[in-house]
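Note sheet for the following structure.
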Amino acid sequence: MNNTPQDWIASPGTPLRGTLEIPGDKSVSHRAIMLSALADGTSQIDGFLEGEDTRATAAIFARLGVRIETPSASRRIVHGVGIDGLKAADGPLDCGNAGTGMRLIAGVLAAQPFDSTLVGDASLSKRPMRRITDPLALMGARIDTQEGGVPPLHIRGTTALSGIDFTPPVASAQIKSCVLLAGLFAQGETIVREPHPTRDYTERMLAALGVDIEFSPGFARLRGGQRLKAGDITVPADFSSAAFFLVAASIIPGSELRLRQVGLNPRRTGLLTALRLMGADITEENAGEHGGESVADLVVRYAPLKGIEVPLDVVPDMIDEFPALFIAAACAQGPTVVRGAAELRVKESDRLAAMSNGLRALGLQIDETEDGATIHPGPVQSGSIDSHGDHRIAMAFAIAAQRCNGQIRVGDIANVATSFPGFDMLARGAGFGLENA
């Protein structure tokens with residue numbers, strides 16, 4: 001992975017126009033590799049995200065004995081080894097920047113008869129892992145972490161996991177998915193009851209691959225010992241990546257963009273709700289379904305936005321989109337209030353602090369709280385922003401620059417490749433002013 005710091009110089013461009021093909025959904029791509037690897041038979045994945053995070057997950061399963069072919073970009077052929085076919089790797093397994101990868105793979109490896117070690121980059125090595133190691137320990141797993149419960153994760157081999165009935169202390173699809181994946185290997189039933197429903201990609205894909213799983217918003221139950229059947233998977237366009245263009249076209253006068261076949265999982269699209277409450281003009285066309293996931297073209301046109309109090313019940317469904325929302329709020333009429341978003345403090349960076357500090361550096365007033373902020377809109381001034389190696393922070397401030405009175409230098413943008421390879425080229429093609437420094 002390329003960790004060499006790079007910068008962007010971003011400045012106002014032209015109104016955004018055109019039809020964009022957004023890369024494949026990162027969450028679905030991770031799960032497609034993992035579950036096809038554990039299935040009996042051969043699966044074809046189309047629309048796979050060619051990002052560093054998802055490639056790291058594929059590389060890990062290759063090192064665990066799974067043959068994965070790449071006949072063309074965004075396509076993988078996975079020769080599954082079955083639920084009992086993984087082999088010990090010959091050293092640490094590098095998840096790169098992928099929190100999803102590490103947390104979900106830990107659920108799989110916790111039930112293997114061999115020892116494993118999961119490592120990550122500097123950012124991932126600071127992220128909390130007790131939220132998964134605690135429930136896995138209740139199931140019988142033996143996992144050692146560094147002081148503070150952070151990676152590397154040293155997972156000791158066992159074949160004696162037991163199912164649990166678990167209520168996570170925070171709503172997190174990663175925690176839920178980790179426990180369910182471990183539950184595939186456990187004796188008895190595994191149940192997860194969430195304090196608030198989160199995205200259900202894992203449940204939908206398990207069902208599509210033949211697992212008898214019961215799930216509804218906020219609840220999932222499966223019994224261990226089931227086998228997965230290989231199947232072809234089409235990955236929809238990533239809503240979190242589309243979010244940056246939804247916001248950009250909403251705040252740049254004269255813009256109109258079509259974003260093709262974007263995944264609209266209802267546990268993922270809280271930003272759509274929030275933007276529409278703010279007055280955004282976003283319509284859905286050509287609706288369909290890919291592998292159990294709803295998709296549609298999103299057509300977004302410029303519209304004046306107004307500040308809102310973000311409803312608490314949509315916050316968990318837009319946790320990855322808050323950096324983009326902060327930029328929309330900065331360009332709206334009237335303040336926007338965010339509460340209930342403490343989870344933002346333990347993402348790739350402390351996103352509440354990073355977005356608040358960045359907007360202040362551009363002349364805006366932000367009242368930061370422990371679990372949110374009030375964003376007061378105003379003119380966006382020139383300045384320099386440290387993205388803290390966080391891909392979503394970097395892309396958010398590239399959007400802010402399109403409404404700037406000069407230019408913004410966005411620092412440390414190398415990790416954009418983890419989730420949205422080619423973002424800068426796609427953005428320039430649509431009308432952004434964006435250059436490599």
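Can you go through PRO128, PRO135 and tell me which one is in a helix (DSSP H, G or I) and either crowded, with 18+ Cβ neighbours inside 10 Å or touching a strand residue (DSSP E or B) at 6+ places or on another chain (Cβ under 9 Å) (or both)?
On the way: PRO128 fails: in a helix (DSSP H, G or I).
Every option except PRO135 fails the conditions.
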*List the strands (runs of 3 or more DSSP E) that sit entirely inside region 205-301 and contain at least 1 residues that are outside the structural domain of THR42 (by TED's automatic domain parsing) and either in contact (Cβ under 8 Å) with a residue 40 or more places away in the chain or farther than 19 Å from ARG31 by Cα (or both).*
256-263, 281-290, 293-301
*Can you pull out the residues in region 411-432 that are outside any helix (DSSP H, G or I), among the small types (Gly, Ala, Ser) and either out of contact with any Gly (no Cβ under 7 Å at 6 or more places or on another chain) or modelled with pLDDT under 90 (or both)?*
GLY411, ALA414, GLY422
*So VAL192 clears everything in (1) assigned to a strand (DSSP E or B); (2) surrounded by fewer than 23 Cβ atoms within 10 Å (Cβ to Cβ); (3) touching a strand residue (DSSP E or B) at 6+ places or on another chain (Cβ under 6 Å) except one condition, right? Which one?*
(2)
*asked:* Looking only at region 1-27, filter to residues that are within 21 Å of the chain's Cα centre (by Cα), at pLDDT 95 or above and among the aliphatic types (A, V, I, L, M); which one of those is nearest to ASP84 (Cα to Cα)?
replied: ILE22
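Return the total of residues in region 349-364 being assigned to a helix (DSSP H, G or I), hydrophobic (A, V, I, L, M, F, W, C) and either crowded, with 24+ Cβ neighbours inside 10 Å or modelled with pLDDT of 95 or more (or both).
So the first thing to find is which residues in region 349-364 are assigned to a helix (DSSP H, G or I), and the list is 351-361.
Okay, now just the ones that are also hydrophobic (A, V, I, L, M, F, W, C), so 352-355, 359, 361.
With the extra rule that they be either crowded, with 24+ Cβ neighbours inside 10 Å or modelled with pLDDT of 95 or more (or both), the set shrinks to 352, 354-355, 359, 361.
Residues flagged as assigned to a helix (DSSP H, G or I), hydrophobic (A, V, I, L, M, F, W, C) and either crowded, with 24+ Cβ neighbours inside 10 Å or modelled with pLDDT of 95 or more (or both) within region 349-364 amount to 5.
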*Give the number of residues within region 323-377 that are charged (D, E, K, R) and more than 23 Å from ALA171 (Cα to Cα).*
2
*Restricting attention to region 243-262, does a residue exist that is under 23 Å from ALA173 (Cβ atoms), in contact with an Asp or Glu (Cβ under 7 Å, 6 or more places away or on another chain) and not aliphatic (A, V, I, L, M)?*
yes
*Of these, LYS126, LYS87, which one is at pLDDT 95 or above, within 29 Å of GLY24 (Cα to Cα) and either assigned by TED's automatic domain parsing to the domain that holds HIS391 or of a type in the set (Lys, Arg) (or both)?*
LYS87
*Test ASP25 against the criterion of being surrounded by 17 or more Cβ atoms within 10 Å (Cβ to Cβ) and either of a type in the set (D, E, K, R) or touching a strand residue (DSSP E or B) at 6+ places or on another chain (Cβ under 7 Å) (or both), and give yes or no.*
yes
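So which residues in region 44-63 are polar (S, T, N, Q) and surrounded by fewer than 24 Cβ atoms within 10 Å (Cβ to Cβ)?
Restricting attention to region 44-63, the residues satisfying the condition of being polar (S, T, N, Q) are 44, 54, 57.
Correct list: GLN44 only.
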_Tally, over region 204-246, of residues that are among the aromatic types (Phe, Trp, Tyr) and either under 28 Å from LEU86 (Cα atoms) or in contact with a Pro (Cβ under 7 Å, 6 or more places away or on another chain) (or both)_ = 1
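What number of residues within region 57-83 satisfy the criterion of being of a type in the set (Gly, Ala, Ser) and within 20 Å of the chain's Cα centre (by Cα)?
First pass over region 57-83, keeping only residues of a type in the set (Gly, Ala, Ser): 58-59, 62, 65, 72-74, 80, 82.
Checking which are within 20 Å of the chain's Cα centre (by Cα) leaves us with 58-59, 74.
Within region 57-83, residues that are of a type in the set (Gly, Ala, Ser) and within 20 Å of the chain's Cα centre (by Cα) number 3.
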*Residues in region 365-384 that are in contact (Cβ under 8 Å) with a residue 40 or more places away in the chain, surrounded by 15 or more Cβ atoms within 10 Å (Cβ to Cβ) and part of a loop (DSSP other than H, G, I, E, B): how many?*
1
*asked:* Need the failing condition index for ASP53 against (1) assigned by TED's automatic domain parsing to the domain that holds TYR201; (2) within 24 Å of PHE397 (Cβ to Cβ); (3) in contact with a strand residue (DSSP E or B) (Cβ under 9 Å, 6 or more places away or on another chain), just the number.
replied: (3)
*Tally the residues that are more than 27 Å from GLY120 (Cα to Cα) and either of a type in the set (A, V, I, L, M) or touching a Gly at 6+ places or on another chain (Cβ under 6 Å) (or both), restricting the search to region 363-391.*
7
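Taking region 338-348 as the search range and keeping residues that are under 17 Å from ILE308 (Cα atoms) and not in a strand (DSSP E or B), which one is farthest from the chain's Cα centre (by Cα)?
Of the residues in region 338-348, the ones under 17 Å from ILE308 (Cα atoms) are 338-341.
When the remaining residues are screened for being not in a strand (DSSP E or B), the result is 339-341.
Numbers: ARG339: 20, GLY340: 19, ALA341: 16 Å.
By that ranking, first place goes to ARG339.
Table: residues versus (1) surrounded by 23 or more Cβ atoms within 10 Å (Cβ to Cβ); (2) touching a strand residue (DSSP E or B) at 6+ places or on another chain (Cβ under 7 Å); (3) within 30 Å of SER43 (Cα to Cα); (4) aromatic (Phe, Trp, Tyr).
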| residue | (1), (2), (3), (4) |
| --- | --- |
| ILE233 | yes, yes, yes, no |
| PHE245 | yes, yes, no, yes |
| LEU271 | yes, no, no, no |
| LYS306 | no, yes, no, no |
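Tell me whether region 344-362 contains one or more residues that are more than 25 Å from SER123 (Cβ to Cβ) and charged (D, E, K, R). I'd like the intermediate steps shown before the answer.
Pass one, region 344-362, residues more than 25 Å from SER123 (Cβ to Cβ): none.
Looking for residues that are more than 25 Å from SER123 (Cβ to Cβ) and charged (D, E, K, R), one finds none in region 344-362, hence no.
Could you say which residue among THR159, THR167 is modelled with pLDDT under 95, surrounded by fewer than 18 Cβ atoms within 10 Å (Cβ to Cβ) and closer than 27 Å to GLY210 by Cα? Give the derivation first.
Details: THR167 fails: modelled with pLDDT under 95.
Answer to the check: THR159.
The values are calculated or read from the model by the stated rules, or taken from the named source; none is laboratory data. Remember, predicted model here, so these are calculated numbers, not experimental data. Glycine also receives a Cβ, built like all others from the backbone with ideal geometry; neighbour counts cover every protein chain displayed.
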